[in-house]
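K.L.:
Quick one: the structure is below, and I'll ask about it shortly.
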Amino acid sequence: MAISIKKNKTQASRIHLCDFENIEFGKIFSDHMFKVDFIDGKWQDGEILPYGEILMAPSISALHYGQAIFEGMKAFKGADGNPQLFRPLENFKRLNISAARMGMPQIPEEIFIGGLKELVSLDRDWIPTKEGSALYLRPFMFATDDFVGVRPSSNYCFIIFCCPVNSYYPKPIKVKVEQKYVRASDGMAGFAKAAGNYGISMLPSMEAKKQGYDQIIWTDGRTHEHVEESGTTNLFFVIEDKLILTPALDGNILEGITRDSCLQLLRKEGYTIEERKISIKEIIAYAKAGKLSDCFGTGTAAIIAKIAAIGFEGIDYELPPAENRKVSNWLFKTIYGIQTSTVKDEFNWIEKV
Ligand code: COI
């Protein structure tokens with residue numbers, strides 16, 4: 001199905017306002033966005049329009065009951081200077097998995113990928129090229145019925161906007177193992193990229209910040225003994241630079257695309273990988289024995305976020321200095337290299353715009 005996209009281009013680009021040398025994550029938006037409405041059971045024509053405010057009724061259930069989902073993805077400039085996307089079909093599939101869980105309609109590939117490519121092509125000059133930077137893309141869908149009863153909405157809006165970004169975490173982060181609050185439990189929506197999963201992380205991360213941490217590590221809802229994910233990334237633990245441990249996809253954690261990319265690269269490189277339940281006590285025992293050689297989070301925004309220290313039961317367990325992290329340094333170089341075409345794309349992860 002070819003989609004029809006109306007184009008309403010900006011008359012006044014804001015690109016001269018962007019200081020590409022000093023970009024702060026998530027604060028500056030490119031000139032355009034892509035928008036399409038779902039009305040009476042049908043996706044309408046798409047529209048490219050200047051990035052800006054949108055009209056909505058105060059009663060929409062996205063605002064009241066959280067029928068809202070999103071994706072995070074990135075565009076880069078390839079060796080030929082043209083824009084390219086990293087594994088966009090995986091984001092498309094995951095958005096629809098989130099939509100199914102939240103009782104929202106499926107979005108066709110033509111709309112998601114078609115809109116994305118039109119938008120990135122139009123705003124290609126906003127793609128930064130400094131190491132670690134990218135054009136961050138935020139596709140999202142939310143319920144728009146003007147109705148305050150609790151029922152799945154009949155109308156939805158899908159938008160994609162872009163922001164030029166640097167690395168989400170400019171330096172290694174200190175994380176606290178969270179054992180009071182819970183992000184997800186069996187049967188909930190932990191695997192979905194649903195707005196509410198991030199909303200409930202705000203208070204625990206504020207409390208962790210007050211205690212000197214940058215982020216939390218969620219633990220399982222039943223026993224608080226097993227690590228799940230951090231507030232913004234999936235988690236990897238490296239034992240003596242040989243064995244890689246990462247929590248299994250058990251329905252309670254996000255099925256990270258960067259997580260999957262890391263696993264494929266590490267497997268190819270010959271590392272031993274265990275995807276399973278990981279007890280925090282096991283990790284702390286490795287840290288105490290000096291065997292925890294690396295620990296990092298993975299995500300689209302963060303790419304690879306090195307963990308500097310893990311706080312557990314009032315004690316901070318320090319990890320080796322960033323420059324000595326064999327696995328995370330190699331993964332960052334390889335993934336960012338593939339994304340920007342300085343490393344061969346052996347897995348066919350790059351999609352030209
Ligand atoms: C991403 O990595 O794209 C995310 O959605 C995480 C968000 C906290 C920026």
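The values are calculated or read from the model by the stated rules, or taken from the named source; none is laboratory data. As the structure is a computational prediction, the values presented were derived from the model and not from experiment. When we count neighbours, we look across all protein chains shown, and the Cβ atoms used for this are built from the backbone with ideal geometry, even at glycine.
K.L.:
So if I check each of Ile3, Ile39, Ile54, Ile97, which one is aliphatic (A, V, I, L, M), within 16 Å of the ligand (Cβ to nearest atom) and within 30 Å of Arg151 (Cα to Cα)?
P.N.:
Being aliphatic (A, V, I, L, M), within 16 Å of the ligand (Cβ to nearest atom) and within 30 Å of Arg151 (Cα to Cα) holds for just one of Ile3, Ile39, Ile54, Ile97, which is Ile97.
K.L.:
For segment 136-174: of the residues being farther than 30 Å from Ala57 by Cα and touching a Phe, Trp or Tyr at 6+ places or on another chain (Cβ under 7 Å), which is nearest to the ligand (Cβ to nearest atom)? Outline the logic, then answer.
P.N.:
Let us first name the residues in segment 136-174 that are farther than 30 Å from Ala57 by Cα, namely 165-174.
Keeping just the survivors that are touching a Phe, Trp or Tyr at 6+ places or on another chain (Cβ under 7 Å) gives 165-166, 168, 174.
Numbers: Val165: 9, Asn166: 13, Tyr168: 6, Lys174: 17 Å.
Within segment 136-174, the match that is nearest to the ligand (Cβ to nearest atom) is Tyr168.
K.L.:
Are there any pairs, at least 6 apart or on different chains, whose C-beta atoms fall under 8 Å, with the first in segment 221-232 and closer than 16 Å to Glu275 by Cα and the second basic (Lys, Arg) and crowded, with 23+ Cβ neighbours inside 10 Å, and if so, which?
P.N.:
Here the result reads Glu228/Arg183; Glu229/Arg183, each pair linking segment 221-232 to a residue that is basic (Lys, Arg) and crowded, with 23+ Cβ neighbours inside 10 Å.
K.L.:
Among all residue pairs at least 6 apart or on different chains, which show Cβ distances below 6 Å where the first residue, located in segment 7-35, is outside the structural domain of Ile107 (by TED's automatic domain parsing) and the second is at pLDDT below 95 and of a type outside the set (Lys, Arg)?
P.N.:
Listed pairs, sorted by first residue: none to list.
K.L.:
Shifting gears a bit: Identify, from the list Arg276, Arg267, the residue that is loosely packed, with under 15 Cβ neighbours inside 10 Å, more than 16 Å from the ligand (Cβ to nearest atom) and without any contact (Cβ under 8 Å) to a residue 12 or more places away in the chain.
P.N.:
Arg267
K.L.:
Quick one: which of Glu269, Glu274, Glu228, Glu240 is of a type outside the set (Val, Ile, Thr) and under 24 Å from Phe86 (Cα atoms)?
P.N.:
Glu269
K.L.:
Give me the residue from segment 117-135 that is under 21 Å from Asp37 (Cα atoms) and either exposed (fewer than 14 other Cβ atoms within 10 Å of the Cβ) or away from the ligand (no atom under 16 Å from the Cβ) (or both) and, out of that set, farthest from the chain's Cα centre (by Cα).
P.N.:
The qualifying residue farthest from the chain's Cα centre (by Cα) is Leu122.
K.L.:
Further question on the same structure: Step by step: first the residues of segment 57-80, then only those that are among the aromatic types (Phe, Trp, Tyr) and either under 25 Å from Lys352 (Cα atoms) or not assigned by TED's automatic domain parsing to the domain that holds Ala100 (or both), then the one that is nearest to the ligand (Cβ to nearest atom). Which residue is that?
P.N.:
Of everything passing the filter in segment 57-80, Phe70 is nearest to the ligand (Cβ to nearest atom).
K.L.:
Further, regarding this structure: Go through segment 2-20 and give me each residue that's closer than 24 Å to Glu109 by Cα and out of contact with any Gly (no Cβ under 9 Å at 6 or more places or on another chain).
P.N.:
Selection gives Lys7, Asn8, Lys9.
K.L.:
Could we say that Ile283 is assigned to a helix (DSSP H, G or I), among the aliphatic types (A, V, I, L, M) and within 16 Å of the ligand (Cβ to nearest atom) here?
P.N.:
no
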